[in-house]
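The values are calculated or read from the model by the stated rules, or taken from the named source; none is laboratory data. Treat the numbers as computed from the prediction; the structure is a model and nothing was measured. All Cβ positions, even for glycine, are placed from backbone atoms using ideal geometry, and neighbour counts span all protein chains on display.
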2 protein chains.
Amino acid sequence: MNTPSVGERKTQRVRIRDDFWNGYTELVRNTVIPYQWEALNDLIEGAEPSYAIRNFRIAAGLQEGEFGGMVFQDSDLAKWLEAVGYSLGSHPDPELERIADEAIDLIGQAQQDDGYINTYFTIKEPDKRWTNLVDAHELYCAGHLIEAAVAYYHGTGKRKLLDIVCRFADYMDSIFGPEPGKLKGYCGHQEIELALVKLYETTGENRYLKLSQYFIDERGRQPSYFVEEWERRGRTSHWSQGTTPSPNLAYHQAHLPVREQSVAVGHAVRAVYMYTAMADLARLTGDAELRAACERLWSNIARKQLYITGGIGSTHHGEAFSFDYDLPNDTVYAETCASIGLIFFARRMLQLEAKSEYADVMERALYNNVLGSMSKDGKHFFYVNPLEVWPEASEKNPGRRHVKPVRQKWFGCSCCPPNVARLLSSLDEYIYGASPADSRIYVHLYIGSEAEFELAGGAKVGLTQQSKLPWDGRVCFKVSLAAGGGQAATSSAAGANGGQATAAFTLALRVPGWFQSGQPALRVNGLPVDYRLENGYALVERTWTDGDEAEWELPLETKLIAARPEIRADAGKVAIQRGPLVYCLEEADNFAPLASAAVNVGAAPSERYDEELLGGCVVIELDGTTVDLEAWPDSAGDGYGTPYAPYRPLAKPTRLTAVPYYLWGNREPGEMSVWIRTAQI
Amino acid sequence: MNTPSVGERKTQRVRIRDDFWNGYTELVRNTVIPYQWEALNDLIEGAEPSYAIRNFRIAAGLQEGEFGGMVFQDSDLAKWLEAVGYSLGSHPDPELERIADEAIDLIGQAQQDDGYINTYFTIKEPDKRWTNLVDAHELYCAGHLIEAAVAYYHGTGKRKLLDIVCRFADYMDSIFGPEPGKLKGYCGHQEIELALVKLYETTGENRYLKLSQYFIDERGRQPSYFVEEWERRGRTSHWSQGTTPSPNLAYHQAHLPVREQSVAVGHAVRAVYMYTAMADLARLTGDAELRAACERLWSNIARKQLYITGGIGSTHHGEAFSFDYDLPNDTVYAETCASIGLIFFARRMLQLEAKSEYADVMERALYNNVLGSMSKDGKHFFYVNPLEVWPEASEKNPGRRHVKPVRQKWFGCSCCPPNVARLLSSLDEYIYGASPADSRIYVHLYIGSEAEFELAGGAKVGLTQQSKLPWDGRVCFKVSLAAGGGQAATSSAAGANGGQATAAFTLALRVPGWFQSGQPALRVNGLPVDYRLENGYALVERTWTDGDEAEWELPLETKLIAARPEIRADAGKVAIQRGPLVYCLEEADNFAPLASAAVNVGAAPSERYDEELLGGCVVIELDGTTVDLEAWPDSAGDGYGTPYAPYRPLAKPTRLTAVPYYLWGNREPGEMSVWIRTAQI
């Protein structure tokens, strides 16, 4: 259904055919997208109004009224349209397309004569455009509109929104840049940078790439634009009354020129959106310094600031990174949007260089933090994704109040749910990587799908992937090569074998980080095949024949995982992982307090598929211990009078039951813990 | 040096003679009190001005200017005068007395014609008296002035400040009360209630007791005075601009009538100051319902909301209690003032009924949380007393920023340092309890001292206590009874034994909660003596002869202590305690990360007195394990790419060194931990 792009030559087309993931993409299509449309139109009873559509109607002159919601409210409509674009690309739906077209018409009507679009400033402060880049999200909202336009264009072939955002981008290009008279600014919430790259790749218009590069290059230079702008405003902020302190530059990743940054700091979503654009630019411009910065920042996050669930951002103060190895499980933030941004970043790093560690982190974030953020009904979401929950503490200790023990209803103003929707409805883009120049097809994620690749010289390769992950690790591929005609192997590397079409290319299969038992076995047409490893990928280089089948064996073993000792919060504890899934203990299957649980590291865990539990999942049971509460000296009778008494062993054997982390919190609220003490070290 | 009180008959006079504690009382006398006087006069370079004296001068019309500092700034001068009063009582110092007298003259000059004293309202909002009881601390400041007056009167015999505060109290009595036309209010920060009891006990004036009782009785009734007052003010607060939400009644312990309260909630200092007054009133009025509330609240704190160090208040949000068993070690508050207030409360509970658990908690808070708050130089203090410190987290994780790894300089506006000063300079009041009616002398704390008691009928008993706690547990008592004359045994229970004076009384020695080896041995004049136990006290009932010596053996053994399993933060961990002292691991003696340390619960700890270390202390060494950091798979080379890898044992033996908690943080900033993982459970 994808329409050929204007600029970028699409080298792959992918359609997900996967029991596990189609459930989610259908949920997004059938529930999340319609539900969000109602939210955008203030039709959800008991929910705060979104005002998003209403704001556009007022800005378009179709309705009287005041602006409502947050200053970045426009981005909710944009993210919805982006998700719709992806969805229509894989599943045409005339009624949904009609609704979306009307929304696009409305955006067009709200566009100002000079191309500007932003309902907050149009309605409320028309003379204050671009005076508060640090707080006001103007370029951020523009970026989301651009992403929506690109997705909608690819999904439907319709140019209207693309033309709208090109006019807007042309206008922004006239405002920002190094030339005299232009503003030397950049946005307080990065997003425009990655969006302009998409616009460049879709339209081929180099100006958009340059503008993205300008925003990246300018950021963090001294004197700080944010500080100067704040001085010009009279030292005010959008977020509070009166004069305010100077902007926190690190929060906005504007404390240093981006090429000098090595440690992920500040607001986590802003950070990973920026790194995503940096990686894009490094790839498209060959900027080695920018690439090196991306590699340093990646390495810092992945090695020192990443939760085992793929969450990032250790503190709710500023929804931010804190510092290396500071990964508290209970006061954690690990925002859903931040993990989604990390997935964006990982994908761009894979485009720069196919290294399995990028895909490992992408998979980790996807199967755990991101998937766990959404309820089974698609209408409830976690913004914060904790690794340890004590519901009473969430209620009564203010330092843990941001950690919710149950997913929240999707309210009008919200960032995470529409981000989940756009990620899941574009998941096809994350599975493969094609490297036409050296005839390589990379498989980053094992998600059942039908894909078509165009290799150098135009040779077309069809690939069907069958996967039962995350429950079973056997993955099968079938190659389709048409002799002559549509999928003809026309390159020098392609030919025919006894009448059957053939093509020489390399199938590069990721060896997942969670596979720990030597090299996975590969069979082609039933026979074992050797391969060489490069950057964590098994390179299967051969002349493939139409109908060839490859079987890739990735046995899923339950592993107890430890954290580096520098991570204080996990000292003396293990997590449970099986394939890409991190597990957790829930009170519902075990007991409270869960802190009394300890796992016997010497015993073999048992696994069973329970089709009744939580919609069906592999449950893991382990030998462990709990504390015999009855054996604790009675504080009323023994004279201690406090909850402290001389140590004596109180452990008694128990069986612990772990469920996949992504399914937690779908029963009665209770304690949950990913990290479990070891009964022996 | 104490002058007989007007109302209360003093039944004991105590002078501390103790190597350990005299160091502290001298520090307070020689350093803390003079240093604070400079602070009150804005003479400390580099410190924020206090404005306290300056405010009184302006209010007295001696100087022009604006009010400076916090709305409760007057209380700093009051707390200083209170400490001076205690100090002069045990150590006359004419120069200090002259300075204090001048300060008292100044207070007199700042007193308004109607008796009112409060420099904030006098200078800044003279027409707003009593309009914001919930925020403005007027009655709180009054309470501290009263406590100062009582202490100064007992310490010097001078009535001037006492007369000043009596006039003020008479005025307050005309403003507040159940009678028509009076305000039905009470203070947002409890303090006046316990102060009025002291004023009653000193003056014998029943009106003051009744006013205290009124404040206690009225609190928490519906409709809420705080809410009504807030409505009358136009829904404003002292602490922020514009209209504000309705006051948080639980924060002020005004959510329920006090007799219905069972769980300690809200701001911890406010809470324990109130409970102190409640226990006073229950004792003086025989109010059984009030006493039952005190017992419930005590029990809730001691059994469910108490840190092992005697700290209370689990969260810095509102410096408050959170909920039962929520005792995080890293995000802890455990304010110094709250533990001091807990000591006040414990002392009142002991006056209600001598039960060793009250004294146990008093001792725990004193030797650990309170003593640890002050540096060796008497000029640096912790307000927050954590049980686990990671200095980098204190700096970089905003949720732990309130936890300081080094004691802070005593700045102008501060509550904890003067509170420490007044507690330590009145420590003599906490050691003994006399129960003249049944001729009992209770020893609550083992602190070397010379004491004199007056039993029923006027018999006087001298008691000299020699103690080497906290380092050695052998405590000796010597009884002095004068035949005839000053210390004559004049009661029916007293007599003469072969020319030597005798007296029949019961020496009631507390069996500390930390003593775990059966019953302590007691010898009188070298011979073993039996005793019976009552409420945790050894009752030595006999006719004592002048010169009798009692030896009380309390061997100090190092114990590993566990917490109830409901305390999630301490699961799988032990603390180290020796006698009253809780120990901790510091990075300086061990390694980082300290979370890698685990203690071998099976091995015997060794103890040694190190006279070089931290001014001399008993150091405890234990066998344990740490993690072999070298053995961790190199993340650069092994393909994990994250700080997570399959578990394998990495523990290696090590020797752990623990120092007394109260001495932590006196070296280079580093990690500290009270709770240590167990190497086996």
_Filter pass, B:Lys573 being in contact with a Pro (Cβ under 8 Å, 6 or more places away or on another chain), touching a residue at least 12 places away in the same chain (Cβ under 8 Å) and at negative phi_ = no
_Restricting to segment A:561-592, name every residue that is surrounded by 21 or more Cβ atoms within 10 Å (Cβ to Cβ), facing chain B (nearest Cβ under 7 Å) and either at pLDDT below 95 or not in a helix (DSSP H, G or I) (or both)._
A:Ile561, A:Ala562, A:Ala563, A:Arg564, A:Pro565, A:Ile567, A:Ala571, A:Gly572, A:Val574
*Applying the selection to segment A:301-332, what residues are under 16 Å from the mean Cα position of the chain (by Cα) and more than 10 Å from chain B (Cβ to nearest Cβ)?*
A:Thr309, A:Gly311, A:Ile312, A:Gly313, A:Glu319
*A:Gly372 versus (1) within 12 Å of chain B (Cβ to nearest Cβ); (2) closer than 30 Å to A:Ala52 by Cβ; (3) not polar (S, T, N, Q): which is the lone unmet condition?*
(1)
*Here are some residues: A:Arg648, A:Arg655, A:Arg667, A:Arg608. Which one is free of Cβ contacts under 8 Å to residues at least 60 places away in the same chain and part of a loop (DSSP other than H, G, I, E, B)?*
A:Arg648
_Quick test for you: out of B:Thr309, B:Thr285, pick the one residue that is farther than 20 Å from B:His252 by Cα, surrounded by 24 or more Cβ atoms within 10 Å (Cβ to Cβ) and in contact (Cβ under 8 Å) with a residue 40 or more places away in the chain._
B:Thr309
*If you go through segment A:168-222 one residue at a time, how many are touching a residue at least 40 places away in the same chain (Cβ under 8 Å) and among the polar types (S, T, N, Q)?*
5
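Residue-wise test of (1) under 25 Å from B:Tyr383 (Cα atoms); (2) within 9 Å of another protein chain (Cβ to nearest Cβ).
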site	(1), (2)
B:Ala598	no, yes
B:Glu612	no, no
B:Asp623	no, no
B:Thr654	no, no
B:Ala658	yes, no
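Can you tell me which residue among A:Ile58, A:Ile44 is more than 26 Å from the chain's Cα centre (by Cα), outside any loop (DSSP other than H, G, I, E, B) and of a type in the set (Val, Ile, Thr)? It would help to see each step written out before you state the result.
Values: A:Ile44 fails: outside any loop (DSSP other than H, G, I, E, B).
On inspection, the qualifying residue turns out to be A:Ile58.
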_Hey, A:Asn22 at pLDDT below 90, touching a strand residue (DSSP E or B) at 6+ places or on another chain (Cβ under 7 Å) and either under 30 Å from A:Pro436 (Cβ atoms) or in a helix (DSSP H, G or I) (or both) or not_ = no
*Test B:Gly69 against the criterion of being closer than 30 Å to B:Gly616 by Cα and modelled with pLDDT under 95, and give yes or no.*
no
_Count of segment A:254-269 residues which are within 15 Å of A:Gly341 (Cα to Cα) and either small (Gly, Ala, Ser) or not in a helix (DSSP H, G or I) (or both)_ = 5
_Residue identified as modelled with pLDDT under 95 and within 29 Å of B:Leu209 (Cβ to Cβ) among B:Val32, B:Val84, B:Val6_ = B:Val6
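If I ask for residues that are assigned to a loop (DSSP other than H, G, I, E, B), among the acidic types (Asp, Glu) and away from every other protein chain (no Cβ under 11 Å), which ones from segment B:548-560 would you list?
Just the residues of segment B:548-560 that are assigned to a loop (DSSP other than H, G, I, E, B), to begin with: B:548, B:554-557.
From the residues that got through so far, the ones that are among the acidic types (Asp, Glu) too are B:548, B:557.
Answer for segment B:548-560, where residues must be assigned to a loop (DSSP other than H, G, I, E, B), among the acidic types (Asp, Glu) and away from every other protein chain (no Cβ under 11 Å): just B:Asp548.
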*With respect to B:Glu357, determine if the residue is within 12 Å of chain A (Cβ to nearest Cβ), surrounded by fewer than 24 Cβ atoms within 10 Å (Cβ to Cβ), out of contact with any Pro (no Cβ under 7 Å at 6 or more places or on another chain) and under 30 Å from B:Ile44 (Cβ atoms).*
no
*Out of curiosity, is B:Leu62 closer than 27 Å to B:Thr156 by Cβ, at pLDDT 95 or above and surrounded by fewer than 21 Cβ atoms within 10 Å (Cβ to Cβ)?*
yes
*Any residue in segment B:198-218 that is outside any loop (DSSP other than H, G, I, E, B) and under 26 Å from B:Asn385 (Cβ atoms)?*
no
*asked:* Quick check on segment A:333-347: of everything there that is over 16 Å from A:Gln253 (Cβ atoms) and assigned to a helix (DSSP H, G or I), which residue is nearest to the other protein chains (Cβ to nearest Cβ)?
replied: A:Ala346
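Can you tell me which residue is nearest to B:Arg235 (Cα to Cα) among those in segment B:120-160 that are free of Cβ contacts under 8 Å to residues at least 24 places away in the same chain and part of a helix (DSSP H, G or I)?
Taking segment B:120-160 as the starting set, the residues that turn out to be free of Cβ contacts under 8 Å to residues at least 24 places away in the same chain are B:121, B:125-129, B:159.
Applying the additional criterion that residues be part of a helix (DSSP H, G or I) yields B:121, B:126-128.
Numbers: B:Phe121: 19, B:Pro126: 20, B:Asp127: 18, B:Lys128: 15 Å.
Here the answer is B:Lys128.
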*segment A:406-425, residues that are surrounded by fewer than 22 Cβ atoms within 10 Å (Cβ to Cβ) and either out of contact with any Gly (no Cβ under 6 Å at 6 or more places or on another chain) or farther than 18 Å from A:Val269 by Cβ (or both)*: A:Val406, A:Arg407, A:Gln408, A:Lys409, A:Phe411, A:Gly412, A:Cys415
_Flag for B:Ala103 being more than 25 Å from the chain's Cα centre (by Cα) and either without any contact (Cβ under 8 Å) to a residue 12 or more places away in the chain or in a helix (DSSP H, G or I) (or both)_ = yes
*Could you say whether any residue in segment B:353-363 is in contact with a Gly (Cβ under 8 Å, 6 or more places away or on another chain), in contact (Cβ under 8 Å) with a residue 60 or more places away in the chain and over 24 Å from B:Asp428 (Cα atoms)?*
no
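Filter segment B:525-547 down to residues that are within 30 Å of B:Gly499 (Cα to Cα) and buried (at least 20 other Cβ atoms within 10 Å of the Cβ) and give me whichever is farthest from the other protein chains (Cβ to nearest Cβ).
The initial filter retains those residues of segment B:525-547 that are within 30 Å of B:Gly499 (Cα to Cα), namely B:525-532, B:538-547.
Checking which are buried (at least 20 other Cβ atoms within 10 Å of the Cβ) leaves us with B:531, B:538, B:540, B:544, B:546.
Numbers: B:Tyr531: 16, B:Ala538: 13, B:Val540: 19, B:Trp544: 27, B:Asp546: 34 Å.
The extreme case among them is B:Asp546.
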